[in-house]
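Peer 1: Sending over a structure as structure tokens; questions will come in a sec.
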2 protein chains.
Amino acid sequence: MSKRKNIAIMGAGLVGSLLSLYLAKRGHKVDLYERRPDMRKTIIDGGRSINLALSDRGWRALRAIGIEEDVRKVAVPMYGRMMHDEQGNLTYQPYGKEGQAIYSVSRGGLNVALMNLSEPNEDITYHFNQQALDVNLRTNEVQLRNIETDAVETIQPELLFGADGAFSVVRGAMQKTERFNYEQSYLEYGYKELTIPPAAGGEWVLEKNALHIWPRGSYMMIALPNIDGSFTCTLFFPYEGERSFAAIKNDTDLLNFFLEVFPDAVALMPNLAEDYFSNPIGSLVTVKCFPWSYNGKSLLIGDASHAVVPFYGQGMNAGFEDITVLDRMLDKFDGENWEALFKEFESKRKPDADAIADLAVMNFFEMRDKVADPRFLLRKKIETKISEQYPDKWIPLYSMVTFSDFPYSYAMETGRKQDKIMKKVMKHIQSIEDYNKPEVQQLLEEQLVHKEKLKKYQVQEVL
Amino acid sequence: MSKRKNIAIMGAGLVGSLLSLYLAKRGHKVDLYERRPDMRKTIIDGGRSINLALSDRGWRALRAIGIEEDVRKVAVPMYGRMMHDEQGNLTYQPYGKEGQAIYSVSRGGLNVALMNLSEPNEDITYHFNQQALDVNLRTNEVQLRNIETDAVETIQPELLFGADGAFSVVRGAMQKTERFNYEQSYLEYGYKELTIPPAAGGEWVLEKNALHIWPRGSYMMIALPNIDGSFTCTLFFPYEGERSFAAIKNDTDLLNFFLEVFPDAVALMPNLAEDYFSNPIGSLVTVKCFPWSYNGKSLLIGDASHAVVPFYGQGMNAGFEDITVLDRMLDKFDGENWEALFKEFESKRKPDADAIADLAVMNFFEMRDKVADPRFLLRKKIETKISEQYPDKWIPLYSMVTFSDFPYSYAMETGRKQDKIMKKVMKHIQSIEDYNKPEVQQLLEEQLVHKEKLKKYQVQEVL
């Protein structure tokens, strides 16, 4: 058992709440400070929370702390993408092998579940309505204002975790220290949350076990199922231009646009105009920074150190994997030398955080325009065949990211190599049957016979 | 004549001071606010100001406002690089064609010269000891604290220019606005300023008309001549590691290190230990951001929008070229529609600012290790020959950046293409005579005969 520490976690979101369970399990005293009110007691502002897709990396972190089954109850499996074209025709593409799925969960629902699972622990205390005004990284003092009472207090934990998201106050303090590398970059796209309600009988009005995409080249809409029979839709749309948020000024503009480009969806959206004009436009930011720790006393984790755009469905999963990796390192360092632990953690995770950030931006372009392309769908099928024929030498990039614990950076690098081979292969392919052509088989053999097997990493082994 | 505006420039450094002359010439009222005291009345803190290398882009901006000759008086031409090896052997490499030079000037000296040239103008007023506490971009109000008297006042100019450098307060305010893209990245190297004093008779103790380099692979020292016979040396050195700032703890460490790796220099540095231990370690930051303007009321310029590392000698030159480009646009917009002007300016300049930032980092590696490599020097000579044989199709990258007004982005792109050709050419080259081998000549002809002529841009034409 490591030496018991007084630990403060700034932010009681998904990563903060899950982290509290891991730290309390090791005997530490954990206080969480959250700017918002307790979401279990107040109605949440909607309209700014894309549904989340929980996948293998996320499940792994939940399983290790024993709460996988509790979360499964509020998750809907999605086995593939369902593409909707402008005539309402559907094309289906599985995400992985038989039985592999990503799971739709609502951010609020999962957060409440994590709070309810952690709060009974006597070593874990939640403090809501606490706005961090100032963080002194040298002394580890945090000045907090109670938003309800306006009272200001100063805490001084032994260790401070910044799990306070993309606009982290802890990171803001780090940005003022010497030689802190920092980048925030926005897509020229915003997002708007919309809703497809359940049918009168409570059923889902679209295929329940799929992630729905309406890809339209320069923009797209997606829909994820909720357990109550509804779908949460998100329109990803340019801020400016002919077809953009700026161009839609009133109900007529909106309806004409939706009728033209999302005809099958608009029929299922009775509250479209109300949702559209009352929900805010969310922005899509990538944050990269380094280092993530200061003096062995504070550490950024999750979005605070690596906010990503949502197009690979990996933001939360990457944050949860941070906790898995940190937990393995806690074993190794046995609660001694937190400075060395934090340094090893940030060095290990940084390349993977950068990789998933870049992959997420790349996947935006794939989802937005390529998934509607028959050549792209054919290529996905061919890749599945290669992966079946050479299972220890080829796993599609999407599967490495979503259904494995390969480090993201290894997945990205392997994906790049596979992409080069696919470009050569696809020159010979006009239909799925062409896969058996001798020249294709020979090409694959040449490319793959001397190739090393994929490293079957487990997270433990890469430490 | 455009409509007279009340303009505030934050920062009275090189770019702010020069900009004031350009704006006053067009009839605007200009106030400059500078945090530091008047450097003409107080002794400047030394040790953190690399000597500057003024080159064509800088001269162009000085010439257009009629102050080129005044500045020439304090500038020392450097016609090439003088490399010093560990035995003190010298190798010389010209920067450009016969007569082409970059010019060593002291930052302080040039700044004083610009202040003295602009201050007599009745439309220009300097305000020193003015610390910007807060900038409200919506109202253009700036809260200023007088550092001497502690008095706080608020100004509200019609237009606000942020010429306040790499750590710009105006940019800090922009960073808090929606969707502001921002990046600060540090090299793992710092720098330390040192001095080679003049000989007893006042002469220079090294070749006066050269930039001296002691390239040592993972670090380097450079020396630039001053008009008083001294040289300002800068040691670029890793923060950490076996050979680093961290490893040099006392006079003995320092002297042993310098005697081993810079033996010819140490003999000329009687104040080495004093300089080394009293001067601070400077950091090397690149800043990129976008947009550079807000609501047509405020604009970042110079380092505030694009701080670069010093290894291409282009930081000040790029800032001065900003003014040249802005001035051409002021002609075009005739003082109307500042919002459109600022947007066109930032869109035009952003790719060039990004290019010089990236080139400057790349040139660090070239200066640090490649300039000591005989193959690299041979390659430079071959490139000179190509450029002589194909003068409208080939200008070496260094010359495009330093001795032309090609946009930096065009120079970088052209440099990349030339680099590919050079890699092919150098496979056939063992000595300078090999340039005339038929296979080399044929290769060049193949590569260049159908190549377009380089666009002989003038800054005016690219607008």
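The values are calculated or read from the model by the stated rules, or taken from the named source; none is laboratory data. From a predicted model like this one, the values you see are computed outputs, not experimental measurements. Here the Cβ positions follow ideal geometry from the backbone for every residue, glycine too, while neighbour counts run over all protein chains shown.
Peer 1: Find the strands (runs of 3 or more DSSP E) located wholly in the stretch A:90-184 whose residues include 3 or more that are at pLDDT 95 or above and either over 28 Å from the mean Cα position of the chain (by Cα) or crowded, with 19+ Cβ neighbours inside 10 Å (or both), and list them. I'd like the intermediate steps shown before the answer.
Peer 2: Working: elements: A:90-94, A:102-105, A:124-127, A:130-136, A:141-146, A:152-155, A:159-162.
Because the criterion is at least 3 residues that are at pLDDT 95 or above and either over 28 Å from the mean Cα position of the chain (by Cα) or crowded, with 19+ Cβ neighbours inside 10 Å (or both), the strands (runs of 3 or more DSSP E) in the stretch A:90-184 that meet it are A:102-105, A:130-136, A:141-146, A:152-155, A:159-162.
Peer 1: Taking residue A:183, is it in contact with a strand residue (DSSP E or B) (Cβ under 9 Å, 6 or more places away or on another chain), under 24 Å from residue B:175 (Cβ atoms) and either of a type outside the set (Lys, Arg) or away from chain B (no Cβ under 14 Å) (or both)?
Peer 2: Considered against the rule, which asks whether it is in contact with a strand residue (DSSP E or B) (Cβ under 9 Å, 6 or more places away or on another chain), under 24 Å from residue B:175 (Cβ atoms) and either of a type outside the set (Lys, Arg) or away from chain B (no Cβ under 14 Å) (or both), residue A:183 comes out as yes.
Peer 1: Only one of A:80, A:13 is of a type in the set (Gly, Ala, Ser) and closer than 28 Å to residue A:280 by Cβ. Can you tell me which?
Peer 2: Among A:80, A:13, only A:13 is of a type in the set (Gly, Ala, Ser) and closer than 28 Å to residue A:280 by Cβ.
Peer 1: Another question, then. If residue B:70 satisfies all but one of (1) in contact with an Asp or Glu (Cβ under 7 Å, 6 or more places away or on another chain); (2) outside any loop (DSSP other than H, G, I, E, B), what's the number of the condition it fails?
Peer 2: Here residue B:70 clears every test but (1).
Peer 1: Tell me, please, whether a residue that is within 14 Å of chain A (Cβ to nearest Cβ), assigned to a strand (DSSP E or B) and not aromatic (Phe, Trp, Tyr) can be found in the stretch B:199-220. Break it down stepwise before answering.
Peer 2: Within the stretch B:199-220, the first condition is being within 14 Å of chain A (Cβ to nearest Cβ), and the residues that meet it are none.
No, that holds for no residue.
Peer 1: For the stretch B:247-255, indicate whether the set of residues that are buried (at least 21 other Cβ atoms within 10 Å of the Cβ), away from every other protein chain (no Cβ under 14 Å) and touching a helix residue (DSSP H, G or I) at 6+ places or on another chain (Cβ under 8 Å) is non-empty. Full working, then the answer.
Peer 2: Residues of the stretch B:247-255 that are buried (at least 21 other Cβ atoms within 10 Å of the Cβ), as a first pass: none.
Taking every residue of the stretch B:247-255 in turn, none turns out to be buried (at least 21 other Cβ atoms within 10 Å of the Cβ), away from every other protein chain (no Cβ under 14 Å) and touching a helix residue (DSSP H, G or I) at 6+ places or on another chain (Cβ under 8 Å).
Peer 1: Looking at (1) within 14 Å of another protein chain (Cβ to nearest Cβ); (2) touching a Ser or Thr at 6+ places or on another chain (Cβ under 7 Å); (3) in contact (Cβ under 8 Å) with a residue 60 or more places away in the chain, which is the only condition residue B:166 fails?
Peer 2: Unmet condition: (2).
Peer 1: Let me ask something else. Among the residues in the stretch B:223-240, are any assigned to a helix (DSSP H, G or I), modelled with pLDDT of 95 or more and not hydrophobic (A, V, I, L, M, F, W, C)?
Peer 2: No, that holds for no residue.
Peer 1: On to the next question. Regarding the stretch B:383-395, can at least one residue be identified that is closer than 21 Å to residue B:311 by Cα, β-branched (Val, Ile, Thr) and either surrounded by 12 or more Cβ atoms within 10 Å (Cβ to Cβ) or free of Cβ contacts under 8 Å to residues at least 12 places away in the same chain (or both)?
Peer 2: Yes; the residues of the stretch B:383-395 include at least one that is closer than 21 Å to residue B:311 by Cα, β-branched (Val, Ile, Thr) and either surrounded by 12 or more Cβ atoms within 10 Å (Cβ to Cβ) or free of Cβ contacts under 8 Å to residues at least 12 places away in the same chain (or both).
Peer 1: Would it be correct to say that residue B:192 is in a strand (DSSP E or B), of a type outside the set (Ser, Thr, Tyr) and more than 14 Å from chain A (Cβ to nearest Cβ)?
Peer 2: Details: in a strand (DSSP E or B): yes; of a type outside the set (Ser, Thr, Tyr): yes; more than 14 Å from chain A (Cβ to nearest Cβ): yes.
Yes.
Peer 1: Next up: Tell me yes or no: at least one residue of the stretch B:307-314 is under 30 Å from residue B:177 (Cα atoms), within 14 Å of chain A (Cβ to nearest Cβ) and either out of contact with any Pro (no Cβ under 8 Å at 6 or more places or on another chain) or crowded, with 16+ Cβ neighbours inside 10 Å (or both).
Peer 2: Looking through the stretch B:307-314, at least one residue is under 30 Å from residue B:177 (Cα atoms), within 14 Å of chain A (Cβ to nearest Cβ) and either out of contact with any Pro (no Cβ under 8 Å at 6 or more places or on another chain) or crowded, with 16+ Cβ neighbours inside 10 Å (or both).
Peer 1: With the condition being over 21 Å from residue B:414 (Cβ atoms), assigned by TED's automatic domain parsing to the domain that holds residue B:166 and in contact with a strand residue (DSSP E or B) (Cβ under 7 Å, 6 or more places away or on another chain), I'd like the helices (runs of 4 or more DSSP H) fully within the stretch B:294-395 carrying at least 2 qualifying residues.
Peer 2: Hits in the stretch B:294-395: B:303-306, B:338-368.
Peer 1: From the set of residues in the stretch B:381-431 that are among the acidic types (Asp, Glu) and within 26 Å of residue B:77 (Cα to Cα), which is nearest to the chain's Cα centre (by Cα)?
Peer 2: B:405
Peer 1: Testing residue A:140 on (1) in contact with a Leu (Cβ under 9 Å, 6 or more places away or on another chain); (2) closer than 24 Å to residue A:39 by Cβ; (3) more than 14 Å from chain B (Cβ to nearest Cβ), one condition comes back false. Which one is that?
Peer 2: With respect to (1) in contact with a Leu (Cβ under 9 Å, 6 or more places away or on another chain); (2) closer than 24 Å to residue A:39 by Cβ; (3) more than 14 Å from chain B (Cβ to nearest Cβ), residue A:140 is out only on (2).
Peer 1: Out of the residues in the stretch B:419-457 meeting the condition of being of a type in the set (D, E, K, R) and touching a Phe, Trp or Tyr at 6+ places or on another chain (Cβ under 9 Å), tell me which one is surrounded by the most Cβ atoms within 10 Å (Cβ to Cβ).
Peer 2: Residue satisfying both the conditions and the ranking: B:451.
Peer 1: In addition: Return the residues of the stretch B:10-64 that are at pLDDT 95 or above, assigned to a loop (DSSP other than H, G, I, E, B) and of a type in the set (Ser, Thr, Tyr); say none if nothing qualifies.
Peer 2: B:55, the sole residue that qualifies.
Peer 1: Against the definition (among the β-branched types (Val, Ile, Thr) and touching a Phe, Trp or Tyr at 6+ places or on another chain (Cβ under 7 Å)), how does residue B:401 come out, yes or no?
Peer 2: The answer is yes for residue B:401.
Peer 1: Could you tell me how many of the residues in the stretch A:233-246 are surrounded by fewer than 22 Cβ atoms within 10 Å (Cβ to Cβ) and either within 13 Å of residue A:265 (Cα to Cα) or out of contact with any Ser or Thr (no Cβ under 6 Å at 6 or more places or on another chain) (or both)?
Peer 2: Going through the stretch A:233-246, the residues surrounded by fewer than 22 Cβ atoms within 10 Å (Cβ to Cβ) turn out to be A:234, A:238-246.
Next, from what is left, pick out any that are either within 13 Å of residue A:265 (Cα to Cα) or out of contact with any Ser or Thr (no Cβ under 6 Å at 6 or more places or on another chain) (or both): A:234, A:239-246.
Residues that pass the stated criteria total 9.
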